[in-house]
Amino acid sequence: IETEKILLDCLKNKDFKLVYQPQVSSKTGEVHAFEALIRLKNYNISPAEFIPVAEETGLIVEIGYFVIEEAVRQIKEWIDKGIEVKPIGVNLSAVQLRDESFVSNLKEIIKKYSIKPSLLKIEITESALMEDKERNIKIIEQLKEVGIQIAIDDFGTGYSSLNYLTFIPADYIKLDKSFIDKMFAKEGKKEVLDGITFLAHQLNLKVVVEGIEDREQFNYLKSKGCDYMQGYLFSRPVDKEEAEKLFAKRF
Ligand code: G
Ligand code: G
Ligand code: NA
Ligand code: MN
């Protein structure tokens, strides 16, 4: 209840903001895209804590539209500044897909700021997709038709059936930090990562690896053909001013 009150208050006053974490191209060391992550302006409560509350109460629908519009607005701002802009990925909860107008609302937002739809990326977990499989896959297909990019988030957690990769029309899979850490642990089998990368590439999916904290992991994963890396090794999620400085950077 307490968290719900805080969220309602934040919605009323638009007291949310986005921070951005770069995804770095393994090949060039350039920023390839950003993931947008929500923060409360006036509270130090992690989204890991308040997003579940937002989902249970349904507030995530409105919060989600704020996130999407703010990301698109930021893209437009960077374009207007003459910056060679990169795609921004936003996280999506399953609850947001239940909104009948989801696809048309996204089209509206993209039209309002007149950006290329491919500059927006949706990050969604397989478990969210599987909550209402037929329907959600149809929605993902519609987003793809609009030109929005799709990433399957948190791969390696949950069931991670390789089968579903063949029928979800995605552009990226994101390997989750917990999965990577397991593979790199003493008893882990990091060779599995070669196999997944190979398979993903066969299916025309690019591979993003999350939670990269050390150079050794980066070098190994790069040598195995993982396309993009995200993690504290490069940058924590940062505000838009800091993010802007990262465009020129070579990691
Ligand atoms: O940024 P941080 O590591 O604290 O995020 C914690 C969790 O909250 C992650 O699982 C992340 O995906 C989720 N999260 C962050 N921002 C958003 C958002 O805008 N929408 C949704 N649905 N989840 C988010
Ligand atoms: O669930 P999702 O994959 O969206 O969660 C992303 C979360 O992971 C963000 O909250 C972000 O702050 C966190 N994160 C990003 N890079 C790293 C990292 O290198 N190490 C750790 N521990 N967390 C990270
Ligand atoms: Na994510
Ligand atoms: Mn993830």
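The values are calculated or read from the model by the stated rules, or taken from the named source; none is laboratory data. Predicted, not measured: the structure shown is a model, and the values here were computed from it. Please note: Cβ atoms are built from the backbone with ideal geometry, for glycine as well, and neighbour counts cover all protein chains shown.
Figures for the structure shown
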| item | result |
| --- | --- |
| Residue ID - nearest to ligand 2 (Cβ to nearest atom), chosen from residues in the range 88-114 that are under 20 Å from residue 129 (Cβ atoms) and in contact with a strand residue (DSSP E or B) (Cβ under 7 Å, 6 or more places away or on another chain) | 91 |
| Any chance residue 48 is small (Gly, Ala, Ser), within 16 Å of ligand 3 (Cβ to nearest atom) and closer than 25 Å to residue 3 by Cα | yes |
| Check on residue 205, surrounded by 20 or more Cβ atoms within 10 Å (Cβ to Cβ), within 24 Å of residue 89 (Cβ to Cβ) and either more than 16 Å from ligand 1 (Cβ to nearest atom) or among the small types (Gly, Ala, Ser) (or both) | yes |
| Lone unmet requirement of (1) touching a residue at least 12 places away in the same chain (Cβ under 8 Å); (2) over 15 Å from the mean Cα position of the chain (by Cα) for residue 88 | (2) |
| Filter result (more than 15 Å from ligand 4 (Cβ to nearest atom) and touching a Leu at 6+ places or on another chain (Cβ under 9 Å)) within the range 143-159 | 143, 146, 147, 148, 149 |
| Subset of the range 15-30 [within 16 Å of ligand 2 (Cβ to nearest atom) and either modelled with pLDDT under 95 or within 14 Å of residue 209 (Cα to Cα) (or both)] | 21, 22, 23, 24, 26 |
| Residue 106 away from ligand 3 (no atom under 16 Å from the Cβ), out of contact with any helix residue (DSSP H, G or I) (no Cβ under 6 Å at 6 or more places or on another chain), farther than 19 Å from residue 203 by Cβ and of a type in the set (A, V, I, L, M, F, W, C) | yes |
| Of residues in the range 115-131 being touching a helix residue (DSSP H, G or I) at 6+ places or on another chain (Cβ under 7 Å) and part of a loop (DSSP other than H, G, I, E, B), the one farthest from ligand 2 (Cβ to nearest atom) | 115 |
| Scope the range 149-197; condition loosely packed, with under 15 Cβ neighbours inside 10 Å and more than 20 Å from residue 131 (Cα to Cα); matching residues | 178, 181, 185, 186, 187, 188, 189, 191, 192, 195 |
| Matching residues, the range 168-201, being within 15 Å of residue 229 (Cβ to Cβ), away from ligand 1 (no atom under 16 Å from the Cβ) and among the acidic types (Asp, Glu) | none |
| Flag if residue 140 is in a strand (DSSP E or B) and within 16 Å of ligand 1 (Cβ to nearest atom) | no |
| Search result, residues across the range 224-251 that are closer than 13 Å to residue 25 by Cα and polar (S, T, N, Q) | 230 |
| Subset tally (residues that are under 25 Å from residue 67 (Cα atoms) and in contact (Cβ under 8 Å) with a residue 40 or more places away in the chain) for the range 211-241 | 11 |
| Residue pairs meeting the criteria (Cβ under 7 Å; at least 6 apart or on separate chains; first over 15 Å from residue 161 (Cα atoms), in the range 117-133; second in a helix (DSSP H, G or I)) | 117/110; 117/146; 119/75; 120/71; 120/72; 120/110; 122/143 |
